[in-house]
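Here is the structure we will look at, set down as structure tokens.
The values are calculated or read from the model by the stated rules, or taken from the named source; none is laboratory data. Since this is a predicted model, take the numbers as computed values, not measurements. Because the Cβ atoms are built from the backbone with ideal geometry, glycine has one as well, and the counts that use them run over all protein chains shown. Ligands, DNA and RNA are excluded from the accessible area calculation, which covers all protein heavy atoms including side chains. Shrake-Rupley method; radii C 1.70, N 1.55, O 1.52, S 1.80 Å.
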Amino acid sequence: MRSPWSGNGNVRERPALSSHVRADVCVVGAGIAGLSTAYLLQRDGAQVVVLDDGPIGGGQTGRTTAHLSNALDDRYGELERLHGESGARLAAESHTSAIARIEEIARDEGIDCDFARVDGFLFAPEASALQAPPTTLPTLSDLLQEELEAALRAGVPGVEQVMRAPLASFDTGPCLRFPAQARIEPLRYLEGLARAFERLGGQVFTGTRATVIVGGKDAHVDTLGGRRVSCAHVVVATNTPVNDRFVIHAKQAPYTTYAIALRVAHGSVPDLLLWDTEDPYHYVRLQPVPPNGGAGHDLLIVGGEDHKSGQADDGMERFARLESWARERFPSVEGVEQRWSGQVMEPSDGVAFIGRNPSDAENVYVATGDSGHGMTHGTIAGMLICDLIADRPNPWVGLYDPGRLTVGAATDLLSENLNVAAQYVDWLRPGSVSSEEEIANGSGAVLRRGLTKIAVYRDDDGRVHRLGAACPHLGCIVSWNSVERTWVCPCHGSRFSCMGRVLNGPANHDLTPLDGAADEQETKHGEQEQV
Ligand code: FES
């Protein structure tokens, strides 16, 4: 299960860290947030080192659908309720600036990443021709009307009502147009960003897991290979922080989202972004193949069907529902070329956490809570953290402060934390199967063994691999994801390969192997998780 951008040679391998080094800043995480931060800091004159456990973009940046948008899916009306009119304005301003910054970097650094400005359209499914009676009046739904007014108050440039999105295949009904959005090929951009960073003197080390992160006077990052980066500042940009056990994880929740790429004739669907107002909502974009057009075809990328991570294992049904949604509205689509899923960190108040890590030394920074806008939030992280380290004023500091508690989000916060607490009951429940014989080849399940739980994976050859099922972060019981062939923690979203190797934090350790010899099997059975 790979996105259209992963595994196609867009990203060059980097060496692992092989000696102790000293830098002004050590960035942990080579995704959009980490590399944007590293590049901007290095351009500012700092000496920066980037570490990543996997390859560049091997986490969620390789799985994003890369909508670059200031049409925020938590909706401006809700952001205004939670953060006031000034907060909503800062959110609009920061995402608009992030799109412009990506465009500027791609242009200035000559990054061939298929950046294109396109219009985005937000429509209400109940007003579209597929669902509404033919007498539908040319007015916006109440929800869209309220959103238009809130977006105008927030200063979103050019947002307006239009009679329908410019699609021949179906009528969206009256909808909102957000001009000057963008789409991009995210891994080509990331590789270009890494090369630009390296040209400036920065260093990227991949295959290097950060195991100890220490701030303060003797700030440093230690790695699994026993090497150390000594530095003045540390930035943790690992999608969800691996250096924070409670504070931030109590304020955000992991959701799994699904996407498919369907082949369409080049030019048969207009190049735009499209979102509906369902919950969870659908999102659509186009990707020319080969990038930058030419004589090829296009991919229509359709996503949605989100659920709380680790709390459902029906991915194939969700892909099927996305496909039928797409075929109903875009009958010219041909076959499905890719299916994949990714993880979205949903902050309880709709805004990412970017800045100084709460309850930590002053020189440790985090970027997390992408809220489905990872490309822009990651770029905002770069701009904001760069200003914080350079001690420059930045108007977005308060909005994105990771230490904030937003009073209006208390109900969501409570409900997500009750959901996490409920997951610990898994310790008392029976396993998902009662014996290893019930597990099919290429599949996994959790079994009870006395007072403990074990995660059992049966590989394609029928060999059984047993792991401790307790997540090394805070001890929730992992569950099996059959689409990705991974173990997923239902509490804060840590993901592990079928053989137990950690792929996504906040856990920073592998699941405990119970049979030994896990490492030598890892390459064969777990590598499908690396982009
Ligand atoms: Fe927190 Fe697993 S991710 S307990």
Matching option when the condition is without any contact (Cβ under 8 Å) to a residue 40 or more places away in the chain, of a type in the set (Lys, Arg) and either open to solvent by 40 Å² or more (accessible area, probe 1.4 Å) or more than 13 Å from the ligand (Cβ to nearest atom) (or both), among 501, 466: 501
Among the residues listed as 494, 482, the single one being more than 14 Å from the ligand (Cβ to nearest atom) and within 23 Å of residue 257 (Cβ to Cβ): 482
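Conditions tested, residue by residue: (1) among the polar types (S, T, N, Q); (2) at pLDDT 95 or above; (3) surrounded by fewer than 24 Cβ atoms within 10 Å (Cβ to Cβ).
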{"site": "28", "(1), (2), (3)": "no, yes, no"}
{"site": "38", "(1), (2), (3)": "no, yes, no"}
{"site": "59", "(1), (2), (3)": "no, no, no"}
{"site": "64", "(1), (2), (3)": "yes, no, no"}
{"site": "79", "(1), (2), (3)": "no, yes, no"}
{"site": "84", "(1), (2), (3)": "no, yes, yes"}
{"site": "94", "(1), (2), (3)": "yes, yes, no"}
Cβ-Cβ under 6 Å, sequence separation 6+ or interchain: first residue in segment 378-404 and more than 12 Å from residue 44 (Cα to Cα) and without any contact (Cβ under 8 Å) to a residue 24 or more places away in the chain, partner buried (at least 17 other Cβ atoms within 10 Å of the Cβ) and hydrophobic (A, V, I, L, M, F, W, C). Which pairs? 394/384
Consider only pairs whose beta carbons are under 7 Å apart and that are at least six residues apart or on different chains; among these, list those whose first residue lies in segment 89-106 and is charged (D, E, K, R) and whose second residue is open to solvent by 10 Å² or more (accessible area, probe 1.4 Å). 89/155; 93/155; 101/383; 103/115
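Just checking, does segment 507-516 include any residue being assigned to a loop (DSSP other than H, G, I, E, B) and without any contact (Cβ under 8 Å) to a residue 24 or more places away in the chain?
Here is the first cut: in segment 507-516, the residues assigned to a loop (DSSP other than H, G, I, E, B) are 507-512, 514-516.
After this cut, where a residue has to be without any contact (Cβ under 8 Å) to a residue 24 or more places away in the chain as well, the list is 516.
Within segment 507-516 (the criterion being assigned to a loop (DSSP other than H, G, I, E, B) and without any contact (Cβ under 8 Å) to a residue 24 or more places away in the chain), the answer is yes, since at least one residue qualifies.
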Please go through segment 474-498 and pick out each residue that is surrounded by 24 or more Cβ atoms within 10 Å (Cβ to Cβ), in a loop (DSSP other than H, G, I, E, B) and of a type in the set (A, V, I, L, M). 478
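Against the condition over 17 Å from residue 314 (Cβ atoms) and either more than 20 Å from the chain's Cα centre (by Cα) or not aromatic (Phe, Trp, Tyr) (or both), how does residue 486 come out, does it pass?
On the way: over 17 Å from residue 314 (Cβ atoms): no; either more than 20 Å from the chain's Cα centre (by Cα) or not aromatic (Phe, Trp, Tyr) (or both): yes.
Against the criterion (over 17 Å from residue 314 (Cβ atoms) and either more than 20 Å from the chain's Cα centre (by Cα) or not aromatic (Phe, Trp, Tyr) (or both)), residue 486 does not qualify.
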Would a scan of segment 146-163 turn up a residue that is touching a residue at least 12 places away in the same chain (Cβ under 8 Å), over 22 Å from the mean Cα position of the chain (by Cα) and under 21 Å from residue 269 (Cβ atoms)? yes
Selection count where residues are surrounded by fewer than 24 Cβ atoms within 10 Å (Cβ to Cβ) and part of a strand (DSSP E or B), scope segment 183-203: 1
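Among the residues of segment 434-453, which ones are within 16 Å of the ligand (Cβ to nearest atom) and among the hydrophobic types (A, V, I, L, M, F, W, C)?
Filtering segment 434-453 for residues within 16 Å of the ligand (Cβ to nearest atom) gives 446, 452-453.
446, the sole residue that qualifies.
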Go through segment 1-18 and count every residue that is out of contact with any Gly (no Cβ under 9 Å at 6 or more places or on another chain) and at positive phi. 1
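Residue-by-condition table, conditions (1) within 16 Å of the ligand (Cβ to nearest atom); (2) in contact with a helix residue (DSSP H, G or I) (Cβ under 8 Å, 6 or more places away or on another chain); (3) not polar (S, T, N, Q):
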{"position": "240", "(1), (2), (3)": "yes, no, no"}
{"position": "264", "(1), (2), (3)": "no, no, yes"}
{"position": "267", "(1), (2), (3)": "no, no, yes"}
{"position": "270", "(1), (2), (3)": "no, no, yes"}
{"position": "278", "(1), (2), (3)": "no, yes, yes"}
{"position": "285", "(1), (2), (3)": "no, no, yes"}
{"position": "290", "(1), (2), (3)": "no, no, yes"}
{"position": "300", "(1), (2), (3)": "no, yes, yes"}
Could you give every pair whose Cβ atoms fall below 6 Å, whose first residue belongs to segment 61-85 and is over 15 Å from residue 153 (Cβ atoms), and whose second residue is open to solvent by 20 Å² or more (accessible area, probe 1.4 Å), counting only separations of at least 6 or pairs across chains? 62/531; 64/374; 73/372
Just one listed residue, out of 374, 378, 355, is at positive phi, buried (at least 21 other Cβ atoms within 10 Å of the Cβ) and under 21 Å from the mean Cα position of the chain (by Cα), and it is 355
Do you know which residues across segment 393-425 are in a helix (DSSP H, G or I), surrounded by 15 or more Cβ atoms within 10 Å (Cβ to Cβ) and at pLDDT 75 or above? 397, 399, 400
